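These notes are about the structure you will find just below.
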Amino acid sequence: MAFLEETVRGIRKDIVKMIGKAASGHPGGSLSSAEILTLLYFEQMNVDEKNPKKDDRDRFVLSKGHAAPVLYATLAAKGFFPREELQDLRQLGSMLQGHPDMNKVPGVDMSTGSLGQGISVAAGMALAGKIDNKAHKVFVLLGDGELQEGLVWEAAMAASHYQLNNLIAFVDNNNLQIDGAICEVMSPFPIDAKFKAFGWNVITVEDGHSFDELRTAVEAAKKSEDKPTVIICQTVKGKCVSFMENNAGWHGKGPNAEEVKQALAELEA
Amino acid sequence: MAEKKSTRQAYGEYLVKLGETNENLVVLDADLSGATKTNIFKKAYPDRHFNVGIAEANLMGMSAGLATAGKVPFASTFAIFGAGRAYEIIRNSICYPKLNVKIALTHSGISVGEDGGSHQSIEDIALMRVIPNMTVLSPADAVETEKMMDAALAINGPVYIRLGRSDVPVLFDETYVFEVGKAGLLKSGEDVTIIATGMMVGPAMEAAERLKVDGISAQVLNMGSIKPIDVDAISDAAIKTGAIVTAEEHSIIGGLGSAVAEVLGDVAPVPLERVGVKDLFGQSGKVAPLMEKYGLTANDIVEAAQKAIGRK
Ligand SMILES: Cc1ncc(C[n+]2csc(CCOP(=O)(O)OP(=O)(O)O)c2C)c(N)n1
Ligand SMILES: [Mg+2]
């Protein structure tokens, strides 16, 4: 338990450092989903950093691809590639592109960045698992603003139609998108009732930063018999960096040197 | 140093001007109003700005619906999501019924920078140009952006305006006249004609200066109107200078280079060299090194000009 807490703290520090160094990137939505990725990669997913393409691995699709830094920091912490690579985020020629590239980064299962597409691809991966009688799961992380894309619901319909119980989606419900609060820009609520109506098994996590709550949800999701599961996680955008928390202004902006220092001090406290 | 301003900034500011005199003008965005600069219009006219959320297909569909009722929608998001995700809605619900929707998409081309290849639209000119009833405009600077917005309003039908993220030098002054379907002669010359659009117009002028040092007289045409394209200007330039170079921040497939090649093939075949993205995806990086990496600099235009002249 303390191990996960320490791990996620390191991941948060790497997120802040790499985005600060790049002077561009998306800190808010990376920090809000750090526990979800940490729990998946360090406890719940069957993956092998020494053999990133092993056939029976669980898959992870970052449908909200702009949160690439949390995925990169997690993969580096897990040992998929050296942590030094994180310094080159968004630099010309770097494998760490602004949005994840599956052909460049060991451990990245799908290239993403255009919102709405990742869950559709994840549904296809899950369908392939069914065709081939495979036991692995497909995990996918969506933003709450991302739910506004029609494609999300086309995929949701198909996933329940094909009874893809091997598909587990997370919604990072941090209540913010770029232009402000999701309920003001274009409300996707009620999220739970929508997924239920689309035939999904719906689990709500009150504190999306609690490993215990997330674990209980994932373990229940893995037991779903004939439905895909969505785990709707209440989170805080910019979590653990006081001046970024619940602030839409930190969606896609790099902190300056002073801000990086302050953020790291808070994360070390 | 010339003043610098992005075409998206000019777009957002001028929308407010147009909104003053045109009460049917409405603006739609898809959760990028800070980046597309339509939030400037929103501040002035909150009742005429609609944020549809992250839903580009619906952005175009609702714009079409508004146009059927006499509204004049300006629909904005990034070029990759507008021309890409919503392509077929633009085709079938805006262009096929010839509805009066202005599609102004920002963050076109490689100069998006750090967001990388997934966000750098190098095919939007091709996608928009191929649709019947569509007009395609690509401004070189802030002034031309305003003139093109005026021209777009004067057209009763769909118009695509291609805008950029990065600051670019202001090349024109208020006396500049833009006409749909007409190229602008920026510099007269004898040996080769450089036809440029968008943010490549500045580098094209620079290339002409450098070629002069080598004793080569280069003519420069600004092709802001990509569709309809100025067939006469292209064929006159081909006959006069005998060699053509195109320069665009777009794939060499389907964009300005292709449009010029089509005209040359039809009426005046001469050697053509196309400066543009060579059938590759972009990647993350700072703008200047990216432009170098993808062959989009004044230097690349100079080399292309020499090559075109050598093929005469
Ligand atoms: C199809 C598409 N449209 C627009 C964008 C630009 N964009 C990037 S992030 C974002 C907001 C995402 O909000 P949300 O899904 O809530 O993500 P989070 O709050 O978790 O960062 C937008 C509009 C995009 N990447 N893809
Ligand atoms: Mg959000």
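The values are calculated or read from the model by the stated rules, or taken from the named source; none is laboratory data. Because the structure is a prediction, the values reported are computed rather than measured. Please note: Cβ atoms are built from the backbone with ideal geometry, for glycine as well, and neighbour counts cover all protein chains shown. Each accessible area value is taken on the protein alone, full model and side chains, heavy atoms only, with ligands, DNA and RNA left out. Shrake-Rupley method; radii C 1.70, N 1.55, O 1.52, S 1.80 Å.
The lone criterion from (1) within 16 Å of ligand 1 (Cβ to nearest atom); (2) within 14 Å of chain B (Cβ to nearest Cβ) left unmet by A:ILE36 is number (2). When residues in the range B:202-225 are screened for being touching a residue at least 40 places away in the same chain (Cβ under 8 Å), within 16 Å of B:GLU273 (Cα to Cα) and assigned to a helix (DSSP H, G or I), 4 of them pass. If you check A:LYS227, A:LYS222, A:LYS253, A:LYS239 for being within 16 Å of ligand 2 (Cβ to nearest atom), more than 14 Å from chain B (Cβ to nearest Cβ) and touching a helix residue (DSSP H, G or I) at 6+ places or on another chain (Cβ under 9 Å), only one passes: A:LYS239. Within the range A:78-100, residues that are away from chain B (no Cβ under 13 Å) sit with their Cβ atoms under 6 Å from residues that are among the basic types (Lys, Arg) and surrounded by 15 or more Cβ atoms within 10 Å (Cβ to Cβ), at 6+ positions apart or across chains, in these pairs: A:GLN87/A:LYS21.
Taking strands (runs of 3 or more DSSP E) that do not extend beyond the range B:17-131, which have at least 3 residues that are of a type outside the set (A, V, I, L, M, F, W, C)? Spell out how you get there, then give the answer.
Working: elements: B:25-29, B:49-51, B:72-76, B:102-105.
Correct list: empty, since no element meets the threshold.
I'd like the full set of residues that are polar (S, T, N, Q) and more than 9 Å from chain B (Cβ to nearest Cβ), limited to the range A:170-190. Don't jump to the end; show me each part of the working.
At the first step, the residues of the range A:170-190 found to be polar (S, T, N, Q) are A:173-175, A:177, A:187.
Correct list: A:ASN173, A:ASN174, A:ASN175.
Looking at (1) more than 11 Å from chain B (Cβ to nearest Cβ); (2) out of contact with any Pro (no Cβ under 8 Å at 6 or more places or on another chain); (3) farther than 21 Å from A:ILE36 by Cα, find the lone condition where A:HIS136 falls short. It fails just one condition, (3).
Test A:GLY113 against the criterion of being on the phi > 0 side of the Ramachandran plot, within 11 Å of chain B (Cβ to nearest Cβ), under 18 Å from the mean Cα position of the chain (by Cα) and surrounded by 19 or more Cβ atoms within 10 Å (Cβ to Cβ), and give yes or no.
Yes: the conditions hold for A:GLY113.
Only one of B:VAL263, B:VAL275 is under 17 Å from B:MET200 (Cα atoms) and either assigned to a helix (DSSP H, G or I) or away from chain A (no Cβ under 14 Å) (or both); which? Just a single option satisfies the conditions, and that option is B:VAL275. Only residues that are in contact (Cβ under 8 Å) with a residue 40 or more places away in the chain, part of a helix (DSSP H, G or I) and either open to solvent by 10 Å² or more (accessible area, probe 1.4 Å) or hydroxyl-bearing (Ser, Thr, Tyr) (or both): list them for the range A:5-32, please. Once the filter is applied, which keeps residues that are in contact (Cβ under 8 Å) with a residue 40 or more places away in the chain, part of a helix (DSSP H, G or I) and either open to solvent by 10 Å² or more (accessible area, probe 1.4 Å) or hydroxyl-bearing (Ser, Thr, Tyr) (or both), the range A:5-32 yields A:GLU5, A:THR7, A:ARG9, A:GLY10, A:LYS13, A:ASP14, A:LYS17, A:GLY20, A:LYS21, A:SER30.
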